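Just so it is clear, none of the values below were taken in a lab; they were calculated from the coordinates. Note that this is a predicted model, so its numbers are computed, not measured. So basically every Cβ, Gly included, is an ideal-geometry build from the backbone, and we count neighbours across all protein chains shown.
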Amino acid sequence: MGLLTLGSPLSWKDTKKFADHVRKHGTQQLINIYRRLKDRHGDVLKWGDEVEYMLVVMDADNKTARLSLKGNEVLEILERREKESPSDYPATWRPEYGGFIVEGSPVRPYGHLMEHLNMVEANMRLRREEILSVLDQERGETVITFTAFPRVGCPGSTDPEVECNPTVNTASHSLFFPDAAINHHPRFRTLTRNIRERRGEKVCINTPVFKDINTPKPFRDTFPNDDIEASWHAKDDHIYMDHMAFGMGCPCIQCTFQACDLGEALRLYDQLTPLCPIFLALSAAAPVYRGYLVDTECRFNIIAQSVDCRTREERGLEPLKNDRFVIPKSRYDSIDCYLTPEAEKYNDIDLILDQDICQQLQDAGMDRPLARHFAHLFIRDPISLFSETIHQNDEQETDHFENIQSTNWQSMRFKPPPPNSTIGWRVEFRPMEAQLTDFENAAYVVFIVLLTRVILTYNLNFLIPISKVDENMQEAQKRDAVRQGLFWFSECLPVFKKPNADWFYSEYNDGCFEQEEDKEYTKMTINEIINGQAGGFQGLVSLMNSYLETVDIDVDTRCSVQQYLMLIQKRASGELMTTARWIRAFVQNHPKYKSDSVVSEEIAYDLTKVADEITKGVRACPELFGTPRTRTKVSLSSVGQKKLRKESSDKADIDVLI
């Protein structure tokens with residue numbers, strides 16, 4: 001969730017006074033990091049995942065499923081366990097926006113051995129078991145990795161039930177979602193209040209309703225007390241929402257990779273960018289909002305609207321008078337530029353940036369594309385500021401830089417090393433939605449990790465114009481985009497020359513594949529992108545299998561990896577359902593569904609109950625993920641540990657990786 005500073009949060013009025021101060025010192029902090037670490041080389045691959053877990057209470061007698069607001073209580077217990085067992089505890093825990101969500105990651109990063117890929121699913125299982133162990137399961141409390149809770153924002157959707165109206169919701173003024181359900185960390189309520197106050201009105205989220213045979217035509221949403229503001233902003237044939245929680249209360253999975261140096265991190269950022277919409281569509285899991293089926297299947301645009309703090313001037317609705325820029329996108333959206341000089345020709349959309357900051361960064365030695373990227377992020381105001389962090393030592397601290405960096409929530413994030421740390425240059429892949437099971441979540445993570453190795457090993461180039469990436473991001477969110485959508489993709493036609501069997505230190509052989517210079521891009525189905533075309537693009541999985549044939553991989557890991565790849569392949573072909581398609585089908589086939597787009601409390605309860613049973617392995621769901629039998633393991637084998645010790649003379653590093 002980004003920077004989690006503790007302290008005394010400032011009002012928006014006071015935060016605004018320090019906006020230029022934060023930008024000035026944040027820029028200097030970035031320059032100091034860059035000058036110290038731009039020539040840092042030789043970091044080994046380390047990587048990890050973040051999964052956000054939703055706490056739910058199910059009442060079998062009354063057939064209700066509600067969001068449990070025990071997040072802080074659960075987090076306190078889990079963090080205490082982590083501190084009490086630092087050497088062998090499996091996870092590290094962080095708060096998330098919703099008081100019903102906790103975020104878990106492996107306590108130590110995974111490393112460069114192929115065998116590390118086989119630890120992901122086992123670790124995710126341990127995380128889920130840890131959460132379950134502190135819940136009152138007899139009372140019906142459980143943990144589910146829903147991306148969007150089906151009745152979030154409906155009356156009585158939280159446990160305990162709390163009052164919800166604009167008068168008591170002093171941070172959001174929401175009609176639907178109670179501020180009491182926001183996590184207690186001061187950052188989150190402050191973000192909610194300051195986004196609304198900076199914008200000058202409540203956030204406004206409209207997502208198209210799914211038009212079933214009995215859905216009113218036109219569909220017009222109704223609001224408590226005939227709220228005038230809601231009636232003004234709501235669109236016909238759309239579901240209207242007015243709280244940050246409708247977006248930031250949506251769990252997801254994210255992956256972070258440490259590169260060997262700055263250049264490799266920049267390249268990974270660029271090459272993974274065109275894959276963001278592909279994996280957004282493949283992981284689609286959010287077809288229900290506020291108790292209605294919607295005509296989209298992903299959370300992405302909803303989050304973008306939920307944190308859109310742009311004023312009317314910045315949205316181009318009024319002439320610029322008090323603000324500096326017309327800004328085309330929310331602070332949560334797809335990226336606006338590639339970062340490497342060779343990719344600049346694909347930066348074909350207007351980049352709004354702070355020219356003075358851009359010049360400062362270039363004067364400090366930063367390449368033009370990277371300087372423009374950060375100068376673009378810094379057009380935003382800090383949206384949350386604590387009085388204790390206003391005055392900082394720019395040589396030793398980076399809170400002002402992170403303040404703006406971490407509240408630009410984009411599909412990719414480029415992450416400089418933190419000060420006084422052994423951590424290197426990193427890249428975060430952010431578009432994927434949470435899946436129901438640990439097997440599925442692990443499959444998506446492992447696929448992306450392997451894909452980074454294939455990109456670097458074979459020097460692949462998937463670049464397409466940024467405008468086409470934006471177009472793909474919208475295509476990815478349409479109903480059944482995996483089977484029906486067409487996506488711009490590079491016609492990358494590599495010809496295999498010779499293998500490179502060593503991926504250990506992210507070293508790669510530029511000559512493994514021959515590729516056409518100036519290659520074109522075309523529209524493809526996701527099936528073609530993942531599984532290949534006859535006589536055309538050979539598909540990502542084919543490239544990954546070619547790579548796997550060249551590396552040292554044990555039988556158990558290969559078994560698990562093949563099942564992960566098969567899941568993605570079958571989702572891409574449509575043989576297996578995406579989570580969104582499965583949820584939509586469940587609702588539409590429910591005996592109580594009236595073909596009117598309404599997901600009633602009883603339907604939501606049954607959906608949640610079945611999802612919980614699938615998650616816990618007591619109910620099969622072959623239409624969603626087949627019948628997997630991976631050989632995932634909690635720790636490295638003795639052989640893997642010996643390999644690691646042989647390759648590294650740094651005992652501390654060995655302990656971290658094992």
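Summary table below
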| read-out | value |
| --- | --- |
| Span-like helix ranges in the chain, DSSP H, alpha carbon extent 18 angstrom or more, Kyte mean at least 0.0 | 438-458 |
| FRET efficiency for Lys345 and Glu520, using Cβ-Cβ distance with R0 set to 22 Å, rounded to 0.05 | 0.95 |
| Ranking of Val120, Val610 by count of other Cβ atoms within 10 Å, fewest first | Val610, Val120 |
| For the chain, calculated [θ]222 nm from helices alone, where every DSSP H run of n ≥ 4 adds -39500 (n - 2.57) | -11000 deg cm²/dmol |
| Mean Cβ count within 10 Å, highest first, over the residues of peptides 313-322, 147-156, 620-629 | 147-156, 620-629, 313-322 |
| Global geometry of the chain, whether rounded, prolate or oblate, following the gyration tensor of its Cα atoms and the 1.5 cut on a/c | rounded |
| Volume per residue that the Cα convex hull of the stretch 285-379 spans, once the total is divided by residue count, Å³ | 134 Å³ |
| Nearest-0.05 FRET efficiency for Arg629 and Asn420, computed from C-beta distance (R0 51 Å) | 0.70 |
| Built amide H within the under 5 Å cut-off of Val102, gap 5+ | Tyr53, Leu55 |
| Prolate/oblate/rounded label for the stretch 563-604 (Cα gyration tensor, a/c 1.5) | prolate |
| Segments 100-112, 8-20, 38-50 sorted - mean Cβ within 10 Å per residue, highest first | 100-112, 38-50, 8-20 |
| Prolate/oblate/rounded call for the stretch 33-132, Cα gyration tensor, a/c under 1.5 rounded | prolate |
| Built amide H within the under 5 Å cut-off of Asp43, gap 5+ | none |
| Arg315/Lys63 FRET efficiency (R0 41 Å; Cβ-Cβ; nearest 0.05) | 0.45 |
| Spin-label proximity, Asn322 to the stretch 365-389 - amide N less than 15 Å from point 7 Å beyond Cα toward beta carbon | 381 |
| Packing-based ranking, highest mean first, of 558-565, 137-144 given that Cβ atoms within 10 Å are counted | 558-565, 137-144 |
| Rounded to whole Hz, the Karplus (6.51, -1.76, 1.60) HN-Hα couplings of the stretch 408-424, x for glycine and proline | 9, 8, 10, 5, 10, 9, 9, 10, x, x, x, x, 6, 9, 8, 6, x |
| Cα-centred dipole magnitude for the chain, charges only on beta-carbon of K, R (+1) and D, E (-1), debye, nearest 20 | 260 debye |
| Approximate spin-label separation Ile352-Glu549, in nm, with each point projected 7 Å along Cα-to-Cβ | 5.0 nm |
| Full-stretch length increase - Trp232, Lys329 - with 0.36 nm per residue and alpha-carbon distance subtracted | 32.7 nm |
